[in-house]
2 protein chains.
Amino acid sequence: MRKSIAIDMDGVIADEETQLLTWYERHYGLKIHPHELIGRTEYDVVPELGAYDKFSATPGYFRTTPVMPGAVEAVKKLSEDFDIYIVSAAMQYPLSLSQKLEWLGEHFPFISWRNIIFCGDKSIIGTDYMIDDHIKNLDNFKGKTVMFNAFHNVNHHHHQRVNNWDEVLELMKKEI
Amino acid sequence: MRKSIAIDMDGVIADEETQLLTWYERHYGLKIHPHELIGRTEYDVVPELGAYDKFSATPGYFRTTPVMPGAVEAVKKLSEDFDIYIVSAAMQYPLSLSQKLEWLGEHFPFISWRNIIFCGDKSIIGTDYMIDDHIKNLDNFKGKTVMFNAFHNVNHHHHQRVNNWDEVLELMKKEI
């Protein structure tokens, strides 16, 4: 029986870091170097309180996020051997729902609507694997976890870390 | 540990049957009696091909669906003893996403965004129970199933049937 993988959007197939840095510069004139993000969360990257919430509530923020390098090819490759589900905690930002669906339609047209899940809490997701960048999602998951490297998770070491999509493919090859 | 229940929207907490009959009359001038629906699906209720797809693609169809009698009180009562997740196969109708979220906000404001899931295929939902009217969702579910009576499921008898929300409460009392 084919095993199933829940794959997160922001920070995993969507390059949230690049989008954040682009929007900080555009909206606050702040040129932040990626290394300045290390160990911080989306919420405390810049001194402006609520910047991330403001971006999330701005039409287009999620729609224009760049694709994570290598994600399209890797997800396509994985779907040969696994059932792939895109699972995004989109419910916190109602405005993101249609943007995220459109974004997936543009960049991942091979993912069926049957395999897309927008949720809040991910603890009820019952796939065999979860690839996610957020500890809160991975910690409550019952299957095997894969932590996609992100600025906010560098100090956590209790999940299998992968640094890019090549490493995901390498790791999942052993799980087929 | 509290057990979890996935509760469907259309046909379970949202009175899809009443909404369908109202829209058939409004759009086609067809006055259909509920007993004429028995044993049919949403897709073959009236001779007009694609009527349900047309309604689903019309702004307001999902937003104006009446609440299933007794649903609000029963879900509130259940949430005292169970973790409640609203799980809707909304992804097939992209236009329904924001409508369904608004509908829940109006009628079920006590349900947190953390506990709302919009998906396609429900087979990856890992709750302990699922209350749903569709066989395709119940058949692929790994936990205990509860089939909410609906015109399209009257000929299926392999899931525990409940006819209304009072019967759900009666049944779930034994599962606490």
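B:GLU102 meets the conditions (1) out of contact with any Pro (no Cβ under 9 Å at 6 or more places or on another chain); (2) modelled with pLDDT of 95 or more in every case but one. The failed one is (1). Within the span defined as segment A:150-167, every residue fails to be of a type in the set (D, E, K, R), closer than 17 Å to A:GLU42 by Cβ and either within 14 Å of another protein chain (Cβ to nearest Cβ) or without any contact (Cβ under 8 Å) to a residue 12 or more places away in the chain (or both).
Residues satisfying the criterion are absent from segment B:107-115 (criterion: basic (Lys, Arg) and in contact (Cβ under 8 Å) with a residue 12 or more places away in the chain). Only one of the numbered conditions (1) among the hydroxyl-bearing types (Ser, Thr, Tyr); (2) within 14 Å of another protein chain (Cβ to nearest Cβ); (3) part of a helix (DSSP H, G or I) is not met by A:SER4, and that is (3).
The residues in segment A:96-110 that are closer than 22 Å to A:ASN149 by Cα and more than 13 Å from chain B (Cβ to nearest Cβ) can be counted, and the count is 2.
For segment A:111-127, the candidate set comprises residues that are farther than 12 Å from A:LEU97 by Cα and β-branched (Val, Ile, Thr); within that set, the residue that is farthest from the other protein chains (Cβ to nearest Cβ) is A:ILE111.
The lone criterion from (1) in a loop (DSSP other than H, G, I, E, B); (2) surrounded by 16 or more Cβ atoms within 10 Å (Cβ to Cβ) left unmet by B:MET147 is number (1). Does segment B:78-95 hold any residues that are farther than 20 Å from B:PHE148 by Cα and at the interface with chain A (Cβ under 10 Å from one of its Cβ atoms), and which are they? Correct list: B:MET91, B:GLN92, B:TYR93, B:PRO94, B:LEU95.
For segment B:1-22, filtering for residues that are buried (at least 21 other Cβ atoms within 10 Å of the Cβ) and farther than 25 Å from B:TYR129 by Cα leaves 1. Every condition in (1) crowded, with 16+ Cβ neighbours inside 10 Å; (2) not in a loop (DSSP other than H, G, I, E, B) is met by A:HIS35 except one, and the failing one is (1).
The values are calculated or read from the model by the stated rules, or taken from the named source; none is laboratory data. Bear in mind the structure is a predicted one, so any value in this text is a computation, not a measurement. Positions of Cβ are backbone-derived with ideal geometry, glycine not excepted, and every protein chain shown enters the neighbour counts.
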